[in-house]
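Heads up, the thing below is written out as structure tokens.
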Number of protein chains: 2
Amino acid sequence: MSRLDSFIRRLEAQRACLDRAAALVAGLPGPVFEFGLGNGRSYDHLRERLPGRDIYVLDRHIAAHPACIPPADRLLLGDFRDTAPAAARRFAGQAALIHADLGSGDEAASRALTVALQPAWLGLLRDGGILVCDQPAAAPGLMAPGLAAIELPTGVAPGRYFFFRRDRR
Amino acid sequence: MSRLDSFIRRLEAQRACLDRAAALVAGLPGPVFEFGLGNGRSYDHLRERLPGRDIYVLDRHIAAHPACIPPADRLLLGDFRDTAPAAARRFAGQAALIHADLGSGDEAASRALTVALQPAWLGLLRDGGILVCDQPAAAPGLMAPGLAAIELPTGVAPGRYFFFRRDRR
């Protein structure tokens, strides 16, 4: 499989996960949180699949296509370790969906970041809210109590993405 | 259609075009030329689809994944306007396939570059050789005599890619 093949497969998996996540929260009120804007493609996809929903985006800086930059009042810029706890205080128990696309070249750093962000994710999510994460540190068993692993969309290879639902408190 | 959708569609079209190009030149000897290495994904795909074939890559500089960098003796670094004519002199009438992925943010510049490179492409290609290009300046009618437009692969939207076969001299 060429790198072009595997890149297409990865993007198709991401789309399948975002579509599934949007379907899962269709009847669940509350804002959406996107951890990592990157080029803005997954933000644009969520925005299209969840019209009218407030989507807050956290990132260190903006490197997205101009058409994929959120309104300033929904952009939480800075280090995730600062912005995530701040968001968890401001939106405690309100989030319907969190999508965290944290992959960087540095696996150990991505893993550490995922672990560091778990308390904020738990704080943000409403009961029944959904967490979708690209990081192996979000594998079942490694995740904080309070998040129950749920099935991946058909066709998405295990280990590529991780799906959780916030337990009732 | 979200930017994620359209990005996936663009990559799938590129893969379909590379697969078709590889099939078209399967029985045609001669090196392959990749104009624009970029991240190296299409180079990796061609390398996998055409094992054992010499693939020369032209680009200004290397920004590819380390696994997708060609051997030094098949890397022609510099401005296309210098390296393409030099390659055309060195490999006159030998190339089985040219893949040119020249798209940049600047449409006018990409168009001008495509027009500037046509003489080199004509010089490089052997009779029956294939040119695949992502640029509208390669639209039928705009291309130099000597290159006959051929059909796109099924499912690739017209205008997304352009396919040509070098006429017999």
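Structural remarks
- When B:Phe7 is tested against the conditions (1) surrounded by fewer than 17 Cβ atoms within 10 Å (Cβ to Cβ); (2) part of a helix (DSSP H, G or I), the lone failure is (1).
- Residues in region A:115-168 that are within 12 Å of the chain's Cα centre (by Cα) and without any contact (Cβ under 8 Å) to a residue 12 or more places away in the chain: none.
- Condition met for A:Pro158 (closer than 26 Å to A:Ala26 by Cα, out of contact with any Phe, Trp or Tyr (no Cβ under 8 Å at 6 or more places or on another chain) and either of a type in the set (A, V, I, L, M, F, W, C) or modelled with pLDDT of 90 or more (or both)): no
- Tally, over region B:139-169, of residues that are small (Gly, Ala, Ser) and over 28 Å from B:Ile8 (Cα atoms): 4
- Restricting region A:31-51 to residues that are at pLDDT 95 or above and more than 12 Å from chain B (Cβ to nearest Cβ), the residue that is surrounded by the fewest Cβ atoms within 10 Å (Cβ to Cβ) is A:Pro31.
- All conditions in (1) farther than 30 Å from B:Asn39 by Cβ; (2) within 14 Å of another protein chain (Cβ to nearest Cβ) hold for A:Glu12, with the sole exception of (1).
- Considering the conditions (1) within 14 Å of chain A (Cβ to nearest Cβ); (2) in contact with a strand residue (DSSP E or B) (Cβ under 8 Å, 6 or more places away or on another chain); (3) free of Cβ contacts under 8 Å to residues at least 12 places away in the same chain, B:Gly105 is excluded by exactly one of them, (2).
- Considering only residues in region A:54-96 that are in contact with a helix residue (DSSP H, G or I) (Cβ under 9 Å, 6 or more places away or on another chain), within 14 Å of another protein chain (Cβ to nearest Cβ) and open to solvent by 30 Å² or more (accessible area, probe 1.4 Å), the one that is nearest to A:Leu131 (Cα to Cα) turns out to be A:Ile69.
- Yes/no for A:Ser104 being in contact with a Pro (Cβ under 9 Å, 6 or more places away or on another chain) and polar (S, T, N, Q): no
- Among the candidates A:Ser104, A:Ser110, residue that is among the hydroxyl-bearing types (Ser, Thr, Tyr) and modelled with pLDDT under 85: A:Ser104
- Given (1) farther than 30 Å from B:Arg15 by Cβ; (2) open to solvent by 50 Å² or more (accessible area, probe 1.4 Å); (3) hydroxyl-bearing (Ser, Thr, Tyr), number of the condition A:Ser104 does not satisfy: (1)
- Filtered residues of region A:21-59 (kept if closer than 18 Å to A:Ala88 by Cβ, in a loop (DSSP other than H, G, I, E, B) and of a type in the set (D, E, K, R)): A:Asp54
The values are calculated or read from the model by the stated rules, or taken from the named source; none is laboratory data. These figures come from a predicted structure and were not determined experimentally. Every residue, glycine as well, gets a Cβ built from its backbone with ideal geometry; the counts of neighbours run over all protein chains shown. All accessible areas refer to the heavy atoms of the entire protein, side chains included, with ligands and DNA or RNA removed. Shrake-Rupley method; radii C 1.70, N 1.55, O 1.52, S 1.80 Å.
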